[in-house]
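Participant: Okay, handing you the structure first.
Please treat every number below as a calculation from the coordinates, not as lab data. What you see is a predicted model; the values in this text were computed from it and never measured. Cβ sites come from the backbone with ideal geometry, for glycine too, and all protein chains shown count toward neighbours.
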Amino acid sequence: MEQQDLLTPRYQNIQQNLPNATASLVLGIISIVFFLCYGVIGLVCGIIGLVLANKDRKLYKAYPEMYSAASYSTSNAGRTCSIIGLVLSSIFVLVIILELIIVGSLISTHSFMHHNY
């Protein structure tokens, strides 16, 4: 009997990590750190991190017994960081667009004033 127990794998109760938990956290952190790079890097990393975290979230909710709670927490942290990075990057991109519009209108107004004289 003991020999048969040695042959059966005991991996059935071991929970594994979610496949994208660490990647979503890293991308979320990168999106926060690099949102000042004209917002592009932050937007790209934030979107990818959010997609990966949402995939893990669906996977965990479908099979919670297969995945560890710690990796679910890591994935949630990545999701939160990605959302923060997306918001910061979006605001930064909007500020740049507004600055370009304002500077463009000032330049066109200034050149219009000089051409009238």
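Participant: Starting from the Cα-Cα distance between E65 and S90, subtract it from 0.36 nm times their residue separation and give me the gain in nm to one decimal.
Facilitator: Working: separation 25, 0.36 × 25 = 9.00 nm, distance 3.69 nm.
Using 0.36 nm per residue and subtracting the Cα-Cα distance, I get 5.3 nm.
Participant: Then there is this: Between A77 and H110, what is the spin-label point distance in nm, taking each point 7 Å from the Cα along the Cα→C-beta axis?
Facilitator: Output for this residue pair reads 4.8 nm.
Participant: What are the ³J(HN,Hα) values, in whole Hz, obtained from phi via the Karplus relation 6.51 cos²θ - 1.76 cosθ + 1.60 with θ = phi - 60°, for each residue of region 23-32 in sequence order, with x given for Gly and Pro?
Facilitator: 4, 5, 5, 4, 5, x, 5, 4, 5, 6
Participant: Tell me, what is the percent relative contact order of region 19-91, built from C-alpha pairs under 8 Å that lie six or more residues apart?
Facilitator: The normalised contact order for region 19-91 reaches 51 percent.
Participant: Starting from the Cα-Cα distance between I97 and L36, subtract it from 0.36 nm times their residue separation and give me the gain in nm to one decimal. List each step's numbers first, then the result.
Facilitator: Details: separation 61, 0.36 × 61 = 21.96 nm, distance 1.40 nm.
Extra length available between I97 and L36 comes to 20.6 nm.
Participant: On full extension of the chain, what length is gained from N54 through I14, given 0.36 nm per residue of separation minus the C-alpha to C-alpha distance?
Facilitator: Details: separation 40, 0.36 × 40 = 14.40 nm, distance 2.31 nm.
12.1 nm is the gain from fully extending N54 to I14.
Participant: For region 19-91, what class follows from the C-alpha gyration tensor (a ≥ b ≥ c being the square roots of its eigenvalues): rounded when a/c is under 1.5, otherwise prolate if a/b is larger than b/c, else oblate? Provide the component values of the computation, followed by the final result.
Facilitator: Values: a/c = 3.17, a/b = 2.71, b/c = 1.17.
Judged from the Cα gyration tensor, region 19-91 comes out prolate (a/c at least 1.5, a/b above b/c).
Participant: Same structure, new question: What does the net charge come to around S71 if you take all other residues with beta carbon closer than 12 Å to its beta carbon, with K and R at +1 and D and E at -1?
Facilitator: On the way: positive: R57; negative: D56.
Taking every Cβ under 12 Å from that of S71, the sum is 0.
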